[in-house]
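Trainee: Pasting in a structure now, in structure tokens, and then I'll have a few things to ask.
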Amino acid sequence: MSPERDAAARMFGLEGRVAIVTGASSGLGAAVARALASLGARVAVVARRRDKLAELAERIDGFAVACDLSDLDRVGSVVPAVVEGLGPPEILVNAAGTMFTTERAESEPLDAVRRTTDLNLLAPFLLAQAVFPHMRAVGRGVIINVSSISGRVGIPGIPQASYAASKAGLSGLSAELAVQWAKHSIRVNTVAPGFFRSEITGPLYESERAAEYLRRNTPLPKEGTADDIVGAILWLAGDAGSYVTGQTVVVDGGWTAR
Ligand SMILES: NC(=O)c1ccc[n+]([C@@H]2O[C@H](COP(=O)([O-])OP(=O)(O)OC[C@H]3O[C@@H](n4cnc5c(N)ncnc54)[C@H](OP(=O)(O)O)[C@@H]3O)[C@@H](O)[C@H]2O)c1
């Protein structure tokens, strides 16, 4: 390999680093877990569905931790399990998230608002708190929160007030943690995807009217996939992103550029 190719490979290499990926039983989280493992990371995969996690963990020689992250009393069990199974984490990707309701804002039930905020915002915050002492001890770390373009712009026709608020909260949280923890060389960023096909959005793509709405509002002439989002996460996770912190990187085919 030429010295330049060697240097480029080093920028993205994650050999031996322990990573935690939440929401890894499907969609973007699973794609991120596979990609991190392919670059040499030892990956702990976290979600509720044990069968899916076990299958993926076996495939990538990783470690499965089943946890309902909307139960905030149980979130504290994740990081100690990973430390015991793989060692201290240097990378945390908070990809678990969902939209519990598409009620219009004026009638969103408080319970749905709370569940959304617990899973999408508070669980990532608690996990960041839990990895912090380990990252501080090794003197480096990367936290990547997966938000959404709806944390930045309103999405006409698909009501999602609490989801949008929780995702916008991740950008604020990332910026603040980035500043507080920079002295320990811990970087904290947010990746905000536009629409891509997954279990959450599957029903949307099944409706031709909705699929046409997504096409019309996405300048790039292709349908987004989880793999389109993975690149930004790999860039931030590795040394290639070593001078980037506190940012929200939007990966949306141009949706918010219009
Ligand atoms: N698809 C899109 O268009 C889009 C756009 C913008 C942002 N996003 C964000 O991207 C992230 C990944 O979503 P995706 O599209 O890949 O959807 P997905 O395939 O439905 O993945 C969601 C993941 O979150 C996990 N999860 C859900 N509730 C959980 C809970 N209570 N405890 C633990 N894990 C839980 C699910 O696993 P279990 O069911 O096994 O628990 C699953 O692994 C989410 O944060 C989502 O908000 C997606």
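The values are calculated or read from the model by the stated rules, or taken from the named source; none is laboratory data. Just so we're clear, the structure is a prediction, and the values are computed from it rather than from any experiment. Cβ coordinates were reconstructed from backbone atoms using ideal geometry, including for glycine residues, and neighbour counts include every protein chain displayed.
Trainee: Under 9 Å between Cβ atoms, at least 6 apart or on separate chains: pull out the pairs that start in segment 43-63 with a residue that is in contact (Cβ under 8 Å) with a residue 24 or more places away in the chain and over 18 Å from residue 127 (Cβ atoms) and end on any residue that is within 14 Å of the ligand (Cβ to nearest atom) and of a type in the set (Val, Ile, Thr).
Mentor: These pairs meet every condition: 52/45; 56/43; 56/45; 60/43; 60/45; 61/43.
Trainee: What are the residue pairs meeting all of these: first residue in segment 239-254, first residue on the phi < 0 side of the Ramachandran plot and crowded, with 20+ Cβ neighbours inside 10 Å, second residue modelled with pLDDT under 95 and among the acidic types (Asp, Glu), Cβ atoms under 6 Å, and 6 or more apart or on different chains?
Mentor: none
Trainee: Just one of 86, 119 is buried (at least 23 other Cβ atoms within 10 Å of the Cβ) and not charged (D, E, K, R); which is it?
Mentor: Going through 86, 119 in turn, the sole match is 119.
Trainee: Can you confirm whether segment 219-236 contains a residue that is surrounded by 18 or more Cβ atoms within 10 Å (Cβ to Cβ) and free of Cβ contacts under 8 Å to residues at least 24 places away in the same chain?
Mentor: For segment 219-236, residues surrounded by 18 or more Cβ atoms within 10 Å (Cβ to Cβ) and free of Cβ contacts under 8 Å to residues at least 24 places away in the same chain: absent.
Trainee: Then there is this: Restricting the search to segment 100-111, which residues are surrounded by 18 or more Cβ atoms within 10 Å (Cβ to Cβ) and either under 24 Å from the mean Cα position of the chain (by Cα) or among the polar types (S, T, N, Q) (or both)?
Mentor: Hits for segment 100-111 are 100, 101.
One line per residue, one yes/no per condition, for (1) within 17 Å of residue 92 (Cα to Cα); (2) touching a helix residue (DSSP H, G or I) at 6+ places or on another chain (Cβ under 9 Å):
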residue: 190; (1), (2): yes, yes
residue: 198; (1), (2): no, yes
residue: 202; (1), (2): no, no
residue: 209; (1), (2): no, no
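Trainee: Kindly provide the set of residues from segment 178-201 that are within 15 Å of the ligand (Cβ to nearest atom) and within 21 Å of residue 166 (Cβ to Cβ), ordered by number.
Mentor: Within segment 178-201, 189, 190, 191, 192, 193, 194, 195, 196, 198, 199, 200, 201 qualify.
Trainee: Still on this structure, I have one more. What single numbered condition from (1) closer than 19 Å to residue 14 by Cβ; (2) within 15 Å of the ligand (Cβ to nearest atom); (3) charged (D, E, K, R) fails to hold for residue 111?
Mentor: (1)
Per-residue answers, yes or no, for (1) at pLDDT 95 or above; (2) over 26 Å from residue 34 (Cβ atoms):
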site: 164; (1), (2): yes, yes
site: 174; (1), (2): yes, no
site: 177; (1), (2): yes, yes
site: 204; (1), (2): no, no
site: 250; (1), (2): yes, no
